[in-house]
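Here the structure comes first, spelled out in structure tokens, and everything after it is commentary.
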Amino acid sequence: ASLLQVSRTTAINAYRRLEEQGLIHTKVGSGTYVATLSSSTAPTAQTVPWSQLFTPCLNTQSSSIIRELVASAAADDTLSLAAGMPDPELYPLHDFNRLFGLQASRLNGADLGHIPTEGYTPLRQAVTTMLAAKGYAGKPENTMIVSGSQQGLYLVTKIFLEPGDYVIVESPTYLGAVQMFSAANARLLSLPSAAGLPLDLLEDYLIRYRPKLFYVMPTFQNPNGRVMPLEERRELLKLAAKHRLVIVEDDPYGELYYDKKPPLSLKALDPYGGVIALGTFSKMLFPGLRTGWVVAPETVINRFALKKQYIDLHSSNLSQCLLYDYLSAGLLQEHLAVVRAEYKKRRDFFAGALERYCSPLLNFYTPSGGFYFWCALNKGMLTRQLLHEATHTGVSFVPGEAFYADAAGSRELRLCFVTQPPARLLEAVKRLGKALQTVAAN
Ligand code: PMP
């Protein structure tokens, strides 16, 4: 009789599917058994076999990290240096409460019906004006309002990427982007950017793989905090123009600078119209607004709008009207001055605390803007071990592995220094130091 050979992975996957469907169950250390269908678990007319109905879902190693981080920020007495959120104590609540009140008293039918998919027209204009001050040349037709830059990233993925397409990402890069591109079955090419963009390698990728996109954060990169110097921006754009490369520039942190103002964005310098810019109010104001923008050539905006119609028709009128009122009262610049001053203090305080309680076991890069310290552990220590100890000492952070498309980052970690006041930051760093000592001693 001929034997059919099946690989081990195929067999494991088959077992997994059967288990998901409730047809078998596994007892650790004992074996796998056919499930007995009791009257409570047997499929009946009322029980829908959900897991058989779902479309295939790609589970990356970091698939649910973002959701867990947002949840863990609110949990027990653990101090979180993980989630990348502004400090709620610094939200401009007074102004928003007042504008909310005004808005409520003025609401009329026109404000509450459907509005264009591309956004509430006065807000599109206001955002275009705001960006013009940063050197963007576009008209309101080039700006589209989206429900957070995460939605902008989703739209980019949907209109450009088919399974198998190549996308270049920095290494490390934003975890949400890795997840998004991977879920579209794109193939990721990692470009190490921490010590400067390797333009030779980039050109090599462009010639060999003809990638659809390069996703990049030139200003206060998440997670490593780097700012791409002006000259490097120009070189990158020159190369991109030569190869007609589409660049997706994600810039949530550009206004949150604590030393000198960063250079002009790639979009503002764009000589060939190949840059798509993503922006958001989530880090400057607060994430609950769910309001961001995409700036691109009109033909791209039109495609975005077609796609966005399927998702939500348009972003919420209420957030958009409120933001319009806020921007047109000139309040954003005042608020930015306040948070820049406060976060600068926290940045310096945090660097001092890390130096005192975590050096030399932990090496860190002090950012000149944004939300994060990017850190590396000494040789011989692994972030995984530190995370384990940190759950005991009561502090959380994002392990470096989450930010890589390949299996790197096992000694790195990201710490967010803006969400809490100095006293809590100090306690968090002390707890981290304690966890570090324990790992080093073992
Ligand atoms: N891009 C980057 C680089 C981010 O850090 C974030 C937030 N963590 C986002 C996009 C998404 O932000 P939002 O959808 O809230 O605008």
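The values are calculated or read from the model by the stated rules, or taken from the named source; none is laboratory data. No experiment lies behind these values; they were computed from the predicted model shown. All Cβ positions, even for glycine, are placed from backbone atoms using ideal geometry, and neighbour counts span all protein chains on display.
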Tell me, yes or no, whether region 242-263 has at least one residue that is buried (at least 20 other Cβ atoms within 10 Å of the Cβ), of a type in the set (Gly, Ala, Ser) and more than 26 Å from Arg290 (Cα to Cα).
no
Going residue by residue through region 170-181, is there one that turns out to be under 20 Å from Ala405 (Cβ atoms), β-branched (Val, Ile, Thr) and either within 15 Å of the ligand (Cβ to nearest atom) or surrounded by 20 or more Cβ atoms within 10 Å (Cβ to Cβ) (or both)?
yes
Output for region 196-223, where each listed residue is crowded, with 24+ Cβ neighbours inside 10 Å and in contact with a Phe, Trp or Tyr (Cβ under 7 Å, 6 or more places away or on another chain):
Met217, Thr219, Phe220, Asn222, Pro223
Looking at (1) in a loop (DSSP other than H, G, I, E, B); (2) under 25 Å from Asn302 (Cα atoms); (3) within 9 Å of the ligand (Cβ to nearest atom), which is the only condition Pro163 fails?
(3)
Determine which single condition Gln125 fails, assuming it passes every other condition in (1) at pLDDT 95 or above; (2) surrounded by 19 or more Cβ atoms within 10 Å (Cβ to Cβ).
(2)
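Please enumerate the residues belonging to region 190-202 that are touching a residue at least 24 places away in the same chain (Cβ under 8 Å) and within 18 Å of the chain's Cα centre (by Cα).
Passing the criteria: Ser190, Ser193, Ala194.
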So Leu155 clears everything in (1) within 27 Å of Leu323 (Cα to Cα); (2) under 19 Å from the mean Cα position of the chain (by Cα); (3) assigned to a loop (DSSP other than H, G, I, E, B); (4) of a type in the set (A, V, I, L, M) except one condition, right? Which one?
(3)
Scan region 129-149 for residues that are assigned to a helix (DSSP H, G or I) and in contact (Cβ under 8 Å) with a residue 60 or more places away in the chain and jot them down.
Met130, Leu131, Glu141, Asn142, Ser149
Being buried (at least 19 other Cβ atoms within 10 Å of the Cβ) and charged (D, E, K, R) is the filter here; which residues of region 296-341 pass it?
Lys308, Asp325
For Gly352, are the conditions met, namely being modelled with pLDDT of 95 or more and either over 21 Å from Ala428 (Cα atoms) or within 16 Å of the ligand (Cβ to nearest atom) (or both)?
no
